[in-house]
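Colleague: Dumping the structure here so I can ask a few things about it.
The values are calculated or read from the model by the stated rules, or taken from the named source; none is laboratory data. Note that the coordinates shown come from a computational prediction; the quantities given were computed from them, not determined experimentally. In this analysis, Cβ positions are derived from the backbone assuming ideal geometry, glycine residues included, and neighbour counts consider all displayed protein chains. Surface accessibility is based on the protein's heavy atoms, side chains included, excluding ligands, DNA and RNA. Shrake-Rupley method; radii C 1.70, N 1.55, O 1.52, S 1.80 Å.
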Amino acid sequence: MNTAKSQQLFGKAKELIPGGVNSPVRAFGAVGGQPFFVERAQGPWIIDVDGNRYIDYVCSWGPGILGHAHPRVIEAVKKVCEKGLTFGAPTAGEVELAELICTCVPHIETVRLVSSGTEAVMSAVRVARGYTGRDKIIKFEGNYHGHSDGLLVKAGSGLMTQSVPDSAGVPAGYAASTLTAVYNDEESVRRLMEENRGQVAAIVVEPVAANMGVVPPKKGFLEFLRQITEENGTLLIFDEVITGFRLALGGAAEYTGVHADLHTFGKIVGGGMPLAAYGGRRDIMSCVAPLGGVYQAGTLSGNPVAVTAGITTLKILMEDTGIYERIDRRATKLEAAFKEKGLIVNRAGSLLSAFFMSAGRCVANYEDACRCDRGAFADYFNRMLERGIYVAPSQFEAMFVSDAHSDELIDRTCRAIKESVE
Ligand code: KE4
């Protein structure tokens, strides 16, 4: 495979950008080799600067549920750009997107638009602290909530890829207010709540974890979190940056039946543009400035171009909710191919991860996920790439299926899986 132009670009990039990338996991650090540089993408295809084509199961880490460059989204974005890119003043589109979010997730009464998932979760945590007057939060080992200081504790995603679950540069004081429990382990949560009775502002959780690989909640786990937070005056925050509009139109709340007090969204809600959101009960969100004392702001919050991409994407999903059955069905075919090769697979809807570890075990938390054979994963990743299939360059990320992944491409991917997994 000719990768000359990507190699040349990567060489230049490393002189100018830390590690040559603008987000660590893109550097292929966990799988060896060098990242390809993207020229363009269309539907399920991503094409690199050397003209190599790949079936894309990263989907930009989740936004690409419709496939790349959906014509209706591109058309709408092109059109709105002609009216100006940003005003720093309210626009009708922001109201329309807020209404669509609240329509899709009915128990969300008011919502604030921001520019990244990190910002959404950071803000939701601040609101929970402001609303409860409490400082401590509980998160889960292996859950990733973006790179705000207080949440880079035992985090997943790129930190697991680099085996540094706690980032350097986070003052001990910040981390002291972040307690970490074990995902799917009710006793670990109960113990922290008892030891910190009356001090926990929120439990923040990925309702389906997807940053230590996909790890669904055990039966009753989310219901337990809902109950113990209600009993203790603690807020429950669902970080739905990945699961929102992915598992169902109503996200994890619809998929699991459990409603959190605050939900954060990213990725799909922005249609691939820099836009995220957090929202929930009106009384809680009334704490947010200028209504209340919790300050959160942003020059490009609710940016009209990003909002247009989000509106168009959500409208397409609302018009054709059959997409969820289609992408879930295709994901089950991939799941079957991995299982045929003896791998452990966790799947929730169209999100899945195959874990490279001895069969017969399960992956239900961070410790289980850490047992994976990263070398075997790297070999699989590179064999798939050679076959023109791009999966996430890390064992601890999800595989995303889009509506553009036709059955023919899914079948081709299944064949490649069977050839690539030893
Ligand atoms: P961003 O700030 O990257 O938009 O969102 C942070 C975030 C928050 N919450 C969850 C559950 C997330 O998965 C993320 C970001 N996801 C990673 C992929 N696992 C983004 C990819 C990257 O870091 O380059």
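Colleague: How would Ser6, Ser301, Ser60 rank on accessible area, largest to smallest, probe 1.4 Å?
Modeller: On the way: Ser6 5, Ser301 35, Ser60 70 Å².
Greatest to least solvent exposure: Ser60, Ser301, Ser6.
Colleague: Over the Cα atoms, compute the radius of gyration (one decimal) and Dmax (the largest Cα-Cα distance, rounded to a whole number) for region 1-41, in Å.
Modeller: 9.9, 26
Colleague: Quick one: putting +1 on the C-beta of Lys and Arg, -1 on the C-beta of Asp and Glu, what dipole do you get for region 71-319 around its Cα centre, in Debye to the nearest 20?
Modeller: Details: 22 positive and 26 negative charges, 65 e Å.
Here region 71-319 has a charge dipole of around 320 debye.
Colleague: Just check region 272-402 against the gyration tensor rule for me: Cα atoms, a ≥ b ≥ c as the square roots of the eigenvalues, rounded for a/c under 1.5, and otherwise prolate or oblate depending on whether a/b exceeds b/c. Please list the in-between numbers first.
Modeller: On the way: a/c = 2.34, a/b = 1.85, b/c = 1.27.
The shape class here is prolate.
Colleague: To continue, here is another question. Give the peptides 77-85, 91-99 in descending order of average Cβ contacts within 10 Å, highest first. Don't skip to the answer; put the middle values down first.
Modeller: Numbers: 77-85: 12.3, 91-99: 16.8.
So the peptides 77-85, 91-99, ranked by packing, come out 91-99, 77-85.
Colleague: Set Lys and Arg Cβ to +1 and Asp and Glu Cβ to -1, take the dipole of the chain about its Cα centre, and tell me which of Phe400, Val125, Val21 lies farthest positive.
Modeller: Among Phe400, Val125, Val21, the one farthest towards the positive end of the dipole of the chain is Val21.
Colleague: Would you be so kind as to identify which of Ala376, Ala348, Thr413 lies farthest towards the positive end of the dipole of region 315-422, taking Lys and Arg as +1 and Asp and Glu as -1 on Cβ and the Cα centre as origin?
Modeller: Ala376
Colleague: From largest to smallest, what semi-axes in whole angstrom does the chain give when each is the square root of 5 times an eigenvalue of its alpha carbon gyration tensor?
Modeller: Details: eigenvalues 203, 140, 86 Å².
Equivalent ellipsoid of the chain: 32, 26, 21 Å, largest first.
Colleague: Could you work out the relative contact order of the chain, using alpha carbon pairs under 8 angstrom and six or more residues apart, expressed as a whole percent?
Modeller: Numbers: 884 pairs, mean separation 93.7, N = 422.
Relative CO of the chain lands at 22 percent.
Colleague: Could I ask something else about it? Any idea what Rg and Dmax come out to for region 139-267 if you just take the C-alpha atoms, in Å?
Modeller: Radius of gyration, then largest Cα-Cα span, for region 139-267: 14.0, 39 Å.
Colleague: Straight-line reach from Lys139: which lysines have Cα under 29 Å away, leaving out those fewer than 8 places along the same chain?
Modeller: Correct list for Lys139: Lys154, Lys218, Lys219, Lys267.
Colleague: Another question, then. Compute the length gained on full extension between Tyr174 and Arg40: take 0.36 nm times their separation in residues and subtract their Cα-Cα distance, giving the result in nm to one decimal.
Modeller: On the way: separation 134, 0.36 × 134 = 48.24 nm, distance 4.03 nm.
Full extension of this stretch gives 44.2 nm more.
Colleague: By its C-alpha gyration tensor, with a ≥ b ≥ c as the square roots of the eigenvalues, how is region 232-276 shaped: rounded for a/c under 1.5, else prolate for a/b larger than b/c, else oblate? Walk me through the intermediate numbers first.
Modeller: On the way: a/c = 3.92, a/b = 1.59, b/c = 2.47.
Since a/c reaches 1.5 but b/c is at least a/b, the shape of region 232-276 is classed as oblate.
Colleague: Given a 1.4 angstrom probe, I'd like the percentage of the accessible area of the chain that is carbon and sulfur, rounded to a whole number. Walk me through the numbers before you get to the answer.
Modeller: On the way: 8800 of 17090 Å².
Taking all protein chains in place, the chain shows 52 percent carbon and sulfur surface.
Colleague: For the pair Ala336 and Asp373, what calculated FRET efficiency results from E = 1/(1 + (r/R0)^6), where r is the Cβ-Cβ distance and R0 = 22 Å, to the nearest 0.05?
Modeller: Values: r = 21 Å, r/R0 = 0.97.
Efficiency computed from Cβ-Cβ geometry: 0.55.
Colleague: Based on DSSP, what percent of beta bridges with both residues in the chain are antiparallel, to the nearest 5? Don't skip to the end; give the middle numbers.
Modeller: Details: 25 of 43 bridges.
So the antiparallel bridges in the chain amount to around 60 percent.
Colleague: I've got another one for you. For region 63-78 and region 1-48, what is the separation of their C-alpha centers, rounded to whole Å?
Modeller: 23 Å
Colleague: Follow-up. Roughly how many debye, to the nearest 20, is the charge dipole of the chain about its Cα centre, given +1 on each Lys and Arg Cβ, -1 on each Asp and Glu Cβ, and no other charges?
Modeller: Values: 43 positive and 48 negative charges, 99 e Å.
That gives a dipole near 480 debye.
Colleague: For the chain, what does the accessible surface come to per residue with a 1.4 Å probe? Please give it in Å². Intermediate values should be presented prior to the final figure.
Modeller: Working: 17090 Å² over 422 residues.
Here the residues of the chain average 40 Å² of exposed surface.
Colleague: For region 1-139, what is the relative contact order in percent, using Cα pairs closer than 8 Å and at least 6 residues apart in sequence?
Modeller: Values: 99 pairs, mean separation 17.0, N = 139.
With pairs under 8 Å counted, the relative contact order is 12 percent.
Colleague: Could I ask something else about it? When a/c is below 1.5 the answer is rounded, else prolate if a/b is larger than b/c, else oblate, so apply that to region 40-191 with a ≥ b ≥ c taken from the square roots of the Cα gyration tensor eigenvalues.
Modeller: Working: a/c = 2.21, a/b = 1.39, b/c = 1.59.
Oblate shape, in that a/c is at least 1.5 and b/c is the bigger or equal ratio.
Colleague: Distance between Cα centroids, region 131-173 to region 361-422: provide it in whole Å.
Modeller: 26 Å
Colleague: Still on this structure: Can you tell me which of 273-286, 330-343, 380-393 comes out highest on packing, and rank the rest after it, using the mean Cβ neighbours within 10 Å? Numbers along the way, then the final one.
Modeller: Values: 273-286: 21.4, 330-343: 17.6, 380-393: 19.9.
With the highest mean Cβ count within 10 Å placed first, the list reads 273-286, 380-393, 330-343.
Colleague: Between Cys102 and Lys219, what is the label-to-label distance in nm when each label sits 7 Å out along the Cα-to-Cβ direction?
Modeller: Computed distance between label sites Cys102 and Lys219 equals 3.7 nm.
Colleague: Show me the ranking of peptides 29-39, 198-208 by mean Cβ neighbours inside 10 Å, starting with the highest.
Modeller: On the way: 29-39: 17.7, 198-208: 23.9.
The most tightly packed comes first, giving 198-208, 29-39.
Colleague: Follow-up. Per 10 Å bin from zero, what fraction in whole % of the C-alpha pairs of region 71-319 is there, up to the bin with the longest pair?
Modeller: 8, 33, 36, 19, 4, 0
Colleague: Quick check for me: using +1 on Lys/Arg Cβ and -1 on Asp/Glu Cβ, what's the dipole size of region 150-242 about its Cα centre, in debye to the nearest 20?
Modeller: Values: 7 positive and 12 negative charges, 23 e Å.
In total the dipole reaches around 120 debye.
Colleague: Next question. If each DSSP helix of 4+ residues adds -39,500 (n - 2.57) and the sum is divided by the residues in the chain, what number results at 222 nm, nearest 500 deg cm²/dmol? Provide the component values of the computation, followed by the final result.
Modeller: Numbers: 15 runs with 161 residues, N = 422.
The helix contribution divided over the chain gives -11500 deg cm²/dmol.
Colleague: Looking at region 71-319, send over the antiparallel percent of its DSSP beta bridges, to the nearest 5. It would help to have the intermediate numbers written out before the result.
Modeller: Numbers: 10 of 26 bridges.
Antiparallel bridges: around 40 percent, rounded to the nearest 5.
Colleague: Compute the relative contact order of region 8-54 as a whole-number percentage, counting only Cα pairs closer than 8 Å that sit 6 or more residues apart in sequence.
Modeller: Contact order relative to length: 21 percent.
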